[in-house]
Amino acid sequence: MTDPTAETRNLSKQVRRHRRNRDLTGRHVLITGASSGIGRAAALAVADKGATVFLLARRGEELTAVVDEIEAAGGSAYGYTCDVTDSDSVDRVIETVLDEHGHVDMLVNNAGRSIRRAIHRSTDRLHDFERTMAVNYFGALRLTLALLPQMRQRKFGHIVNISSAGVQVATPRFSAYLASKAALDMFTEVAAVETMADGVTFTTIHMPLVRTPMITPSGNQGPAASPEWAAATIVRALTERPKRIDVPLGTIAEYGALLTPRMRDRILHRYYRSIPDSPAAKGEQTTPEDQPVAHPAAARSTPRNRPAIRRVTGAAVRRAARWVPGTNW
């Protein structure tokens with residue numbers, strides 16, 4: 001006969017273990033692009049989990065504001081101005097961080113640049129592709145290579161690379177952006193294999209569209225997630241350290257490319273024809289009236305509380321989905 005008391009004790013142990021695994025107390029976490037958008041939200045969320053956060057960004061005033069906000073809430077944070085496209089800037093900041101704090105446990109390569117423009121409008125704009133590669137690929141690479149030696153020496157490190165669900169979907173008009181993210185994805189795949197014995201692990205997050213200033217020039221592209229949701233996903237990547245985190249749309253697109261590639265291409269072509277280039281992509285000057293209006297939910301600093309039954313059902317569906325090969329919800 002089952003002992004109810006023993007079951008209760010086991011459940012309590014599981015809950016405590018889960019909470020302990022979600023805790024980042026004592027960890028040193030470095031986040032790039034931390035002055036706004038996903039980076040800012042992630043810095044706040046990671047600090048709330050007890051980590052000491054090192055914030056990197058180009059805009060010093062905004063960086064200071066985020067550090068002050070974290071410290072006002074009782075967290076620990078340090079800001080460093082840094083341009084991830086400049087090797088000297090990255091080397092100087094990493095040297096300073098290691099001198100002042102000893103080590104970095106975890107790195108979140110979040111700094112990014114997005115360009116939404118059809119290829120036929122880019123034939124004389126090679127710099128579009130160079131700019132996205134400079135930030136999204138080489139910028140992330142600079143930070144990774146700079147921190148990898150001390151992670152290998154300490155036999156511990158975790159690196160989170162923010163990619164895009166568009167890499168899985170092959171979203172039209174994002175060739176420059178998605179090519180840079182795809183390069184980072186493949187580097188991560190190889191690096192994760194080579195560093196297994198060194199205690200260094202990687203997570204790739206294929207983010208959906210998120211409501212940040214980066215997407216404003218691209219115009220209305222449909223529903224977008226909140227920065228707080230993105231930050232919670234980054235916290236999960238740091239605490240659970242899965243190989244990758246996807247969203248259903250990306251997974252469905254990957255299966256579609258394998259099983260029905262022609263149908264997938266037709267669907268994407270219809271999407272491409274139905275949504276035109278934005279004024280910015282056409283090289284037209286935009287006025288404030290031309291800018292898309294943010295979804296009302298973007299103004300909320302915290303997500304709405306969902307009913308308990310929806311939370312439980314959603315969690316159950318995600319756990320079940322993870323049993324399907326290639327599904328990492």
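Here are the numbers for the structure shown:
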quantity	calculated
Any hit, the stretch 139-149, residues being more than 22 Å from R40 (Cβ to Cβ), in contact with an Asp or Glu (Cβ under 9 Å, 6 or more places away or on another chain) and modelled with pLDDT of 95 or more	yes
Selected residue [within 22 Å of A237 (Cα to Cα), modelled with pLDDT under 95 and of a type in the set (A, V, I, L, M)] from V66, V15, V29	V15
Residue count for the stretch 65-101, restricted to those that are free of Cβ contacts under 8 Å to residues at least 24 places away in the same chain and of a type in the set (S, T, N, Q)	2
In the stretch 120-158, residue surrounded by the most Cβ atoms within 10 Å (Cβ to Cβ) [restricted to those that are touching a helix residue (DSSP H, G or I) at 6+ places or on another chain (Cβ under 6 Å) and over 20 Å from V210 (Cβ atoms)]	G157
Pairs with Cβ under 8 Å, 6+ apart, first in the stretch 220-233 and at pLDDT below 75, second among the charged types (D, E, K, R)	Q221/R116
Odd one out for G79 among (1) at pLDDT 95 or above; (2) surrounded by fewer than 22 Cβ atoms within 10 Å (Cβ to Cβ); (3) under 27 Å from R211 (Cβ atoms)	(2)
Enumeration of residues in the stretch 243-258 that are modelled with pLDDT of 95 or more and surrounded by fewer than 16 Cβ atoms within 10 Å (Cβ to Cβ)	K243
The stretch 69-95, residues that are among the polar types (S, T, N, Q) and closer than 26 Å to T239 by Cα	S76
Residues located in the stretch 86-109, provided they are closer than 21 Å to F156 by Cβ and in a loop (DSSP other than H, G, I, E, B)	G102, H103, V104, D105
Count of residues meeting criterion [modelled with pLDDT under 95 and either surrounded by fewer than 18 Cβ atoms within 10 Å (Cβ to Cβ) or in contact with an Asp or Glu (Cβ under 8 Å, 6 or more places away or on another chain) (or both)] in the stretch 173-193	1
Some residue of the stretch 207-226 being assigned to a helix (DSSP H, G or I), under 23 Å from T239 (Cβ atoms) and either among the hydroxyl-bearing types (S, T, Y) or under 20 Å from the mean Cα position of the chain (by Cα) (or both)	no
The lone exception for T96 - which of (1) β-branched (V, I, T); (2) over 29 Å from E254 (Cβ atoms); (3) crowded, with 22+ Cβ neighbours inside 10 Å it fails	(3)
Test for A72: is it modelled with pLDDT under 95, more than 20 Å from D105 (Cβ to Cβ) and hydrophobic (A, V, I, L, M, F, W, C)	no
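Condition check ((1) closer than 25 Å to C82 by Cβ; (2) basic (K, R); (3) free of Cβ contacts under 8 Å to residues at least 60 places away in the same chain) across all residues:
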site: D124; (1), (2), (3): no, no, yes
site: R142; (1), (2), (3): yes, yes, yes
site: P149; (1), (2), (3): yes, no, yes
site: R152; (1), (2), (3): yes, yes, yes
site: E189; (1), (2), (3): no, no, yes
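The values are calculated or read from the model by the stated rules, or taken from the named source; none is laboratory data. Note that the coordinates shown come from a computational prediction; the quantities given were computed from them, not determined experimentally. Cβ: placed from backbone, ideal geometry, glycine included. Neighbour counts: every protein chain shown.
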